[in-house]
1. Give the number of residues within the stretch 257-273 that are within 13 Å of the ligand (Cβ to nearest atom) and either aromatic (Phe, Trp, Tyr) or at pLDDT below 90 (or both).
2. Quick one: how many residues across the stretch 274-288 are outside any loop (DSSP other than H, G, I, E, B), touching a residue at least 60 places away in the same chain (Cβ under 8 Å) and more than 11 Å from the ligand (Cβ to nearest atom)?
3. Restricting to the stretch 189-228, name every residue that is among the small types (Gly, Ala, Ser) and touching a helix residue (DSSP H, G or I) at 6+ places or on another chain (Cβ under 9 Å).
4. Quick check: is even one residue across the stretch 193-203 within 16 Å of residue 12 (Cβ to Cβ) and within 11 Å of the ligand (Cβ to nearest atom)?
5. Are any residues in the stretch 1-59 farther than 22 Å from residue 115 by Cβ and among the polar types (S, T, N, Q), and if so, which ones?
6. So the check is Cβ under 8 Å with 6+ separation or different chains; which pairs have a first residue in the stretch 143-160 that's more than 11 Å from the ligand (Cβ to nearest atom) and a second one that's in a helix (DSSP H, G or I) and open to solvent by 50 Å² or more (accessible area, probe 1.4 Å)?
7. How many residues does the stretch 146-181 hold that are under 17 Å from the mean Cα position of the chain (by Cα) and at pLDDT 90 or above?
8. Please verify whether the stretch 228-241 includes one or more residues that are at pLDDT 90 or above, within 15 Å of the ligand (Cβ to nearest atom) and not β-branched (Val, Ile, Thr).
Amino acid sequence: MELASPITIYWDIPAAADTSLLQRVAADILDCRPLMLQITSTEPRLTEDILTVLEQFRDSPVSVILTIPLAAYDDSCRDHLQGSGVQEVLLAVNHADRSGGEGWPVSGLVGISFPVISGNWRELPDLVHSCLDHGITRLVLPMQRLYEGEPPFFLTVREQRELAEALAVAGGAVGLNLTIHDPFLWRAFNPGVPFPQGGCQAANTMIAISPDGGVYPCPSLPVRLGTVGSQSLKEIIASASKKELRRKLLAHPGACWECGELVECRGGCRGRAYVMHQSLEGEDPACW
Ligand code: SF4
């Protein structure tokens, strides 16, 4: 299956951006009529550029979810975001809060985004507690950004078991509205529950725009489809190369055909496998 237009667009906004370029990209996104726009900024404060972009989407039917660093969420930021039309604010943190309750803000609007990496995955049970202790019921483990040659993060099968056991001992994640994109992390949080997404959704329900304007099928799949500004986003989405990539992703990786778990994992993360093998035919290293 291939949707003519993505449901969700991920847009990682660059630091010190050219405002007019951001406005053009925002207009381009509006033209594609996604249902949801996931904006991520790593700026340590809410900039005028971001506010200008949010203003462009304020009266549109697009649901905007904004992820900013925890440090950016000060009183001024809160004031600006009130009435901005943003549907959900996620605060990015790299560690569970061990301050005993002082470090994180509490607000019904706010959820936590926790990019999982090799240096913090063992904190996940503590993170669940940190969220619940603060009355935060929304937790997102976002897709790893693999645009710029970063090594992909994954848990080995033994580590997945270790995490599942640690989460079970800590009481699980009951009470949290969780979004987990990684099928193997999902399994650690939800043993025995099938991963809800019907296989890799790159270049189908989603498309991603990197800070340098590159258009990718997913933030975790570094196959560049084009550049906003050089072409319209609509043209890139309708391009033959995007359709061809989607066609390849619909087939399971060749290396997985004999595996009895294929029905459940559906080939795992195709982006992570692509980075490891430079091919869409290899298996996800989280399977090893
Ligand atoms: S590449 Fe596919 S499987 Fe991996 S995170 Fe993106 S959509 Fe999911």
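The values are calculated or read from the model by the stated rules, or taken from the named source; none is laboratory data. Keep in mind the model is a prediction, meaning the values are calculated, not measured. Here Cβ is always computed from backbone atoms with ideal geometry, including for glycine, and neighbour counts include all displayed protein chains. We work out accessible area using only protein heavy atoms, side chains counted, and drop any ligands, DNA or RNA first. Shrake-Rupley method; radii C 1.70, N 1.55, O 1.52, S 1.80 Å.
1. Result for the stretch 257-273: 4.
2. 3
3. Passing the criteria: 199, 202, 203, 213, 220, 226.
4. yes
5. 5, 19, 20, 23, 52, 56
6. Every condition considered, the pairs that remain are 157/287; 160/187.
7. 12
8. No, because not a single residue in the stretch 228-241 is at pLDDT 90 or above, within 15 Å of the ligand (Cβ to nearest atom) and not β-branched (Val, Ile, Thr).
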